[in-house]
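See below for the structure under consideration.
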Amino acid sequence: MTVAQGQHPQSIVALEKVRGDVRVAVRRALEAARFDEVLPQGAPVSLKVNLGWDLFIPGSITSPLVVESLILELREHVGEICVVEADQVLENVERAFRRSGMAEVCRRHGVRWVNMSRQPTVTVDAPGNAVLRRIAVPCILRDTILITVPVMKTHAKTVITGALKNQWGCLPTMRHEYHLVLDDAIADLNHVIRPALCLMDGTVGLEGNGPKSGWPRVADSILCSSDPVALDTIQALCMGIDPGRVAHLRTCAARGIGTNDRARIVVRGAQPEEHVVRFRPARHNAVSRVETLLRGSTVKKLFFDTPLFHLCLLGAKIYYYLWTAFRSAAAWRAIRSHPIYGPQWVATGRRRREER
């Protein structure tokens, strides 16, 4: 784990277009971002993936193909590699790990899987933080160097979700309690748990009502940087989104976590302004809209601090089951037919049937 540092005069972001081979794009992005300068030789690392939906569609979680490529490129330089993620109140990350094919990737390459929800934690005091003044940090993040591996997605609450928001999964399960103060909470979290390196899966992202019930968007991109704010700034430009609309980028930059100043970001490889893949922006789906309404109301405690909360969770789960039943098949068809990104998902249906 690294602690937030002061801003540097310039930040490097590598932007590589995938031209037939994901591993080549990952390699080129790592090299352009000078990964070997921030990852000590032989150091143990944790790859924080996004497995935040067990009823996932392509683009809503980190691609196993990208993770496998990253493992193959890093294994000669680093020590032990772990893949880490944590449960949510609505999701079973163990199920997502198995169904997605990530478990098979880990088995093939001898990589350890760590569910951080089942890990011991150490409390870190951060009195200068705005919201999260005490953070229970999973011990695995103190024993390894953190590499965050997010997906290029839109988000109803934060406009985009990327390298900064991906650390959200490092908090305990009830992290949804901070949804009304997300911008400050994301900055607080990254002030304490800052990744040493960020590698973004922009092969297939998610547009529309993310981070779950959106639509896959092929972007053919891999981004890499040691500055998560700079990476997310370039991510937004790649998606045709004004970074100035993303409040947590400004908040994190003001806290010294990185830079959102385009003039101070050196982009190596493709230039985002020349390779824009416009993503449809997110709106609140029914679950997000109801949650936001209730959290801002005078009856908040009734719904979130009593047994009614379990009924709310059940309602949200039913919504996503219905959404999946009626909408996900078309999304799967669209990506399974893709010659580069489709094959990794071929066995997903079989794995789901086996778990029933």
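The values are calculated or read from the model by the stated rules, or taken from the named source; none is laboratory data. Worth saying up front: this structure is predicted, and the values here are computed from it rather than measured. Cβ sites come from the backbone with ideal geometry, for glycine too, and all protein chains shown count toward neighbours.
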The stretch 225-244 residues that are free of Cβ contacts under 8 Å to residues at least 60 places away in the same chain, paired with ones that are surrounded by fewer than 23 Cβ atoms within 10 Å (Cβ to Cβ) and acidic (D, E) (beta carbon under 8 Å, 6 or more apart): L237/E273
The stretch 269-307: number of residues that are without any contact (Cβ under 8 Å) to a residue 40 or more places away in the chain and of a type in the set (S, T, N, Q): 3
Output for the stretch 259-290, where each listed residue is of a type in the set (S, T, Y) and either closer than 24 Å to V204 by Cα or exposed (fewer than 14 other Cβ atoms within 10 Å of the Cβ) (or both): S288
Residue that is nearest to S226 (Cα to Cα), among those in the stretch 124-164 that are in contact with a strand residue (DSSP E or B) (Cβ under 8 Å, 6 or more places away or on another chain) and hydroxyl-bearing (S, T, Y): T148
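For the stretch 314-334: of the residues being touching a residue at least 60 places away in the same chain (Cβ under 8 Å) and of a type in the set (A, V, I, L, M, F, W, C), which is surrounded by the most Cβ atoms within 10 Å (Cβ to Cβ)? Break it down into steps so the answer makes sense when it comes.
As a first pass, look at the stretch 314-334 and keep what is touching a residue at least 60 places away in the same chain (Cβ under 8 Å): 316-317, 320-321, 323-324, 327-328, 331-332, 334.
Those left that are additionally of a type in the set (A, V, I, L, M, F, W, C): 316, 323, 331-332, 334.
Numbers: A316: 18, W323: 18, A331: 21, W332: 16, A334: 18.
Among them, the one singled out is A331.
State whether one or more residues within the stretch 64-74 are more than 30 Å from N209 (Cβ to Cβ), touching a helix residue (DSSP H, G or I) at 6+ places or on another chain (Cβ under 7 Å) and of a type in the set (D, E, K, R).
Of the residues in the stretch 64-74, the ones more than 30 Å from N209 (Cβ to Cβ) are 71-74.
Now drop any that are not touching a helix residue (DSSP H, G or I) at 6+ places or on another chain (Cβ under 7 Å), which leaves 71-73.
In the following step, the residues that additionally are of a type in the set (D, E, K, R) were identified as 73.
Within the stretch 64-74, one or more residues are more than 30 Å from N209 (Cβ to Cβ), touching a helix residue (DSSP H, G or I) at 6+ places or on another chain (Cβ under 7 Å) and of a type in the set (D, E, K, R).
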Among (1) more than 15 Å from R255 (Cα to Cα); (2) touching a residue at least 60 places away in the same chain (Cβ under 8 Å); (3) in contact with an Asp or Glu (Cβ under 9 Å, 6 or more places away or on another chain); (4) buried (at least 24 other Cβ atoms within 10 Å of the Cβ), the one test that W215 misses: (4)
Members of the stretch 276-323 that are farther than 25 Å from W53 by Cβ and either modelled with pLDDT of 90 or more or touching a His at 6+ places or on another chain (Cβ under 9 Å) (or both): V276
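Kindly indicate the residue of the stretch 335-349 that is among the hydrophobic types (A, V, I, L, M, F, W, C) and buried (at least 16 other Cβ atoms within 10 Å of the Cβ) and also farthest from S60 (Cα to Cα) among those meeting that condition.
First, the residues of the stretch 335-349 that are among the hydrophobic types (A, V, I, L, M, F, W, C): 335, 340, 345-347.
Right, trim to buried (at least 16 other Cβ atoms within 10 Å of the Cβ) and you get 335, 340, 345.
Values: I335: 12, I340: 17, W345: 13 Å.
Ranking the qualifying residues of the stretch 335-349, first place goes to I340.
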Condition broken by G20, with the remaining ones in (1) closer than 25 Å to E207 by Cβ; (2) surrounded by fewer than 16 Cβ atoms within 10 Å (Cβ to Cβ); (3) at pLDDT 95 or above satisfied: (3)
Odd one out for P138 among (1) surrounded by 14 or more Cβ atoms within 10 Å (Cβ to Cβ); (2) in contact (Cβ under 8 Å) with a residue 40 or more places away in the chain; (3) out of contact with any Ser or Thr (no Cβ under 6 Å at 6 or more places or on another chain): (3)
Selection count, the stretch 113-135, where residues are exposed (fewer than 13 other Cβ atoms within 10 Å of the Cβ) and part of a helix (DSSP H, G or I): 1
Residues satisfying the stated conditions in the stretch 76-92, i.e. out of contact with any Lys or Arg (no Cβ under 9 Å at 6 or more places or on another chain) and modelled with pLDDT of 95 or more: E76, H77, V78, G79
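Condition check ((1) surrounded by fewer than 24 Cβ atoms within 10 Å (Cβ to Cβ); (2) among the aromatic types (F, W, Y); (3) touching a Phe, Trp or Tyr at 6+ places or on another chain (Cβ under 9 Å); (4) modelled with pLDDT under 95) across all residues:
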site	(1), (2), (3), (4)
Q7	yes, no, no, yes
A25	no, no, no, no
D36	yes, no, no, no
L51	no, no, yes, no
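Within the stretch 85-95, track down each residue that is out of contact with any strand residue (DSSP E or B) (no Cβ under 8 Å at 6 or more places or on another chain) and not charged (D, E, K, R).
Our first condition is that a residue be out of contact with any strand residue (DSSP E or B) (no Cβ under 8 Å at 6 or more places or on another chain); within the stretch 85-95, this holds for 88-92, 95.
If the condition is that a residue be out of contact with any strand residue (DSSP E or B) (no Cβ under 8 Å at 6 or more places or on another chain) and not charged (D, E, K, R), then Q88, V89, L90, N92 are the ones that fit.
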Residue among E68, E73 that alone is in contact with a His (Cβ under 8 Å, 6 or more places away or on another chain), of a type outside the set (S, T, Y) and at pLDDT 95 or above: E68
Pair list, Cβ < 6 Å and 6+ apart or interchain, from the stretch 86-99 residues that are in contact (Cβ under 8 Å) with a residue 60 or more places away in the chain and within 14 Å of T348 (Cα to Cα) to residues that are among the acidic types (D, E) and surrounded by 22 or more Cβ atoms within 10 Å (Cβ to Cβ): R95/D54
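Kindly state which helices (runs of 4 or more DSSP H) lie completely within the stretch 243-356 and contain at least 3 residues that are aromatic (F, W, Y). Please lay out each step first, then the result.
Details: elements: 247-254, 286-295, 300-304, 308-336, 348-355.
Per the criteria, 308-336.
With K165, K153 as the choices, which residue is among the basic types (K, R) and either in contact with a helix residue (DSSP H, G or I) (Cβ under 7 Å, 6 or more places away or on another chain) or at pLDDT below 95 (or both)? Even if it seems obvious, please write down each step before you answer.
Numbers: K153 fails: either in contact with a helix residue (DSSP H, G or I) (Cβ under 7 Å, 6 or more places away or on another chain) or at pLDDT below 95 (or both).
From the options K165, K153, the qualifying one is K165.
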